[in-house]
Ligand SMILES: Cc1cc2nc3c(=O)[nH]c(=O)nc-3n(C[C@H](O)[C@H](O)[C@H](O)COP(=O)(O)OP(=O)(O)OC[C@H]3O[C@@H](n4cnc5c(N)ncnc54)[C@H](O)[C@@H]3O)c2cc1C
């Protein structure tokens with residue numbers, strides 16, 4: 001039922017704008033409005049804080065179905081989870097009450113600020129500093145590649161509180177867009193997910209109350225990594241949705257397009273490509289849903305499964321979207337058909353929340 005209702009909402013209210021959002025590199029406001037109206041913009045927020053209380057699998061299905069029509073729009077529910085999960089996992093009751101309510105209502109979005117210009121895969125090499133000053137912390141630094149920066153009201157920011165201790169000297173904070181000293185860089189000009197704004201966040205003597213720290217001092221990096229164990233599964237869901245969208249489009253196209261006097265879908269070479277695409281998508285779906293169940297139960301092998309689902313599904317999304325372009329021939333290579341956008345959008349799923357090389361490092365360290 002959930003899948004059916006998200007699919008019909010996505011097809012009616014998000015799909016019609018997907019090409020324009022990409023072409024104009026603009027925020028998918030129509031998608032945000034439609035998702036908020038149906039309470040699908042941050043489904044993971046627990047009911048206690050006014051949220052829909054969706055479990056990890058239901059959240060995955062929402063993201064998958066939105067991504068099937070527009071990958072940029074699927075970053076609304078996905079990044080709302082990414083940004084707020086540190087608060088849900090490690091924040092005080094006060095922080096949860098203050099920040100999850102507005103998120104659940106659709107009054108505020110949440111971003112996640114870990115990466116920096118010189119600290120990507122090696123996130124613990126970050127330089128952003130937080131220095132204690134009485135009942136306040138003062139933050140200085142630059143966060144890079146922050147999804148939905150400028151649009152979000154709230155930011156989970158990881159910063160160094162003790163430079164001697166590397167990852168154990170990093171703490172997490174909630175920073176608000178309206179805090180004095182917060183500003184944003186120009187939107188990055190990207191290959192895909194062009195509707196999702198990616199900007200730098202500048203922290204210039206941002207003075208915040210000490211109770212904005214998420215969890216204890218020095219636990220920020222552990223919280224950031226624990227968060228990714230859960231949210232990499234949402235990126236797997238996004239990849240899965242993009243791949244399914246491409247397969248669905250190609251499946252229809254091969255029945256219409258005629259060459260040599262018959263639909264190209266009659267050729268066995270074309271049928272075999274479609275079979276492989278469907279097989280890979282289904283394998284990615286099973287792994288992603290199994291990982292979502294592990295996320296919900298916080299199983300001991302979650303770290304492996306989160307990395308495996310993200311890595312496998314994103315590689316499948318890249319293969320399947322590339323094959324979808326192939327099946328449309330020259331037409332597939334143009335922006336007149338959606339598979340070109342899907343192929344560009346798929347690429348990011350192999351890069352963010354840890355590149356697929358990093359996922360393989362994570363899997364190797366956590367072999368089941
Ligand atoms: C559109 C977009 C949105 C993003 N959104 C966010 C966000 O909201 N919040 C956030 O904090 N970050 C975000 N990121 C950052 C993203 O997570 C990083 O780009 C990613 O982790 C890679 O870091 P990097 O770009 O510095 O690449 P690098 O770390 O410089 O990696 C470059 C290459 O080296 C490889 N490599 C690095 N180390 C190793 C190793 N040990 N072994 C093998 N290969 C290695 C990588 O796999 C990659 O191929 C976003 C990025 C993009 C592009």
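Considering the stretch 309-329 alone, what residues qualify as being within 17 Å of the chain's Cα centre (by Cα), surrounded by 22 or more Cβ atoms within 10 Å (Cβ to Cβ) and under 24 Å from residue 268 (Cα atoms)?
316, 317
Does the stretch 96-115 contain at least one residue that is within 12 Å of the ligand (Cβ to nearest atom), more than 17 Å from the chain's Cα centre (by Cα) and within 21 Å of residue 353 (Cα to Cα)? Walk me through it before giving the result.
Taking the stretch 96-115 first, the residues within 12 Å of the ligand (Cβ to nearest atom) are 109-115.
From what's left, more than 17 Å from the chain's Cα centre (by Cα): none.
Within the stretch 96-115, none of the residues are within 12 Å of the ligand (Cβ to nearest atom), more than 17 Å from the chain's Cα centre (by Cα) and within 21 Å of residue 353 (Cα to Cα).
Would you check which residues across the stretch 358-368 are within 13 Å of the ligand (Cβ to nearest atom) and in contact with a helix residue (DSSP H, G or I) (Cβ under 9 Å, 6 or more places away or on another chain) and list them? Break it down stepwise before answering.
At the first step, the residues of the stretch 358-368 found to be within 13 Å of the ligand (Cβ to nearest atom) are 358-365.
Of everything in the stretch 358-368, those that are within 13 Å of the ligand (Cβ to nearest atom) and in contact with a helix residue (DSSP H, G or I) (Cβ under 9 Å, 6 or more places away or on another chain) turn out to be 358, 359, 360, 361, 362, 363, 365.
What do you reckon, is residue 296 assigned to a loop (DSSP other than H, G, I, E, B) and surrounded by fewer than 24 Cβ atoms within 10 Å (Cβ to Cβ)?
On the way: assigned to a loop (DSSP other than H, G, I, E, B): no; surrounded by fewer than 24 Cβ atoms within 10 Å (Cβ to Cβ): yes.
Answer is no for this residue.
Output yes when any residue across the stretch 80-88 is closer than 17 Å to residue 216 by Cβ and either surrounded by fewer than 21 Cβ atoms within 10 Å (Cβ to Cβ) or out of contact with any helix residue (DSSP H, G or I) (no Cβ under 6 Å at 6 or more places or on another chain) (or both), and no when none is.
yes
Working carefully through the options 321, 349, find the one that is away from the ligand (no atom under 16 Å from the Cβ) and modelled with pLDDT of 95 or more.
Working: 349 fails: away from the ligand (no atom under 16 Å from the Cβ).
None of the other options fit; the residue is 321.
Among the residues of the stretch 154-173, write down those that are under 27 Å from residue 102 (Cβ atoms), under 26 Å from the mean Cα position of the chain (by Cα) and away from the ligand (no atom under 15 Å from the Cβ).
171 - this is the single residue of the stretch 154-173 that is under 27 Å from residue 102 (Cβ atoms), under 26 Å from the mean Cα position of the chain (by Cα) and away from the ligand (no atom under 15 Å from the Cβ).
Residues to consider are 180, 176; find the one that is more than 16 Å from the ligand (Cβ to nearest atom), modelled with pLDDT of 95 or more and under 22 Å from the mean Cα position of the chain (by Cα).
Numbers: 180 fails: under 22 Å from the mean Cα position of the chain (by Cα).
After ruling out the rest, the residue left standing is 176.
Tell me the strands (runs of 3 or more DSSP E) entirely within the stretch 112-222 that contain at least 3 residues that are buried (at least 21 other Cβ atoms within 10 Å of the Cβ) and touching a helix residue (DSSP H, G or I) at 6+ places or on another chain (Cβ under 6 Å). Lay out the reasoning, then the answer.
On the way: elements: 129-133, 136-147, 154-160, 170-176, 182-184, 198-209.
Per the criteria, 154-160, 170-176.
Mind telling me which of the residues 354, 332, 306, 300 ends up being within 20 Å of the chain's Cα centre (by Cα) and away from the ligand (no atom under 13 Å from the Cβ)?
On the way: 354 fails: away from the ligand (no atom under 13 Å from the Cβ); 332 fails: within 20 Å of the chain's Cα centre (by Cα); 300 fails: within 20 Å of the chain's Cα centre (by Cα).
That would be 306, the only listed residue that is within 20 Å of the chain's Cα centre (by Cα) and away from the ligand (no atom under 13 Å from the Cβ).
The values are calculated or read from the model by the stated rules, or taken from the named source; none is laboratory data. Just so it is clear, the structure is predicted and the values come from calculations on it, not from any experiment. Backbone-built Cβ (ideal geometry, glycine too); neighbour counts: all protein chains shown.
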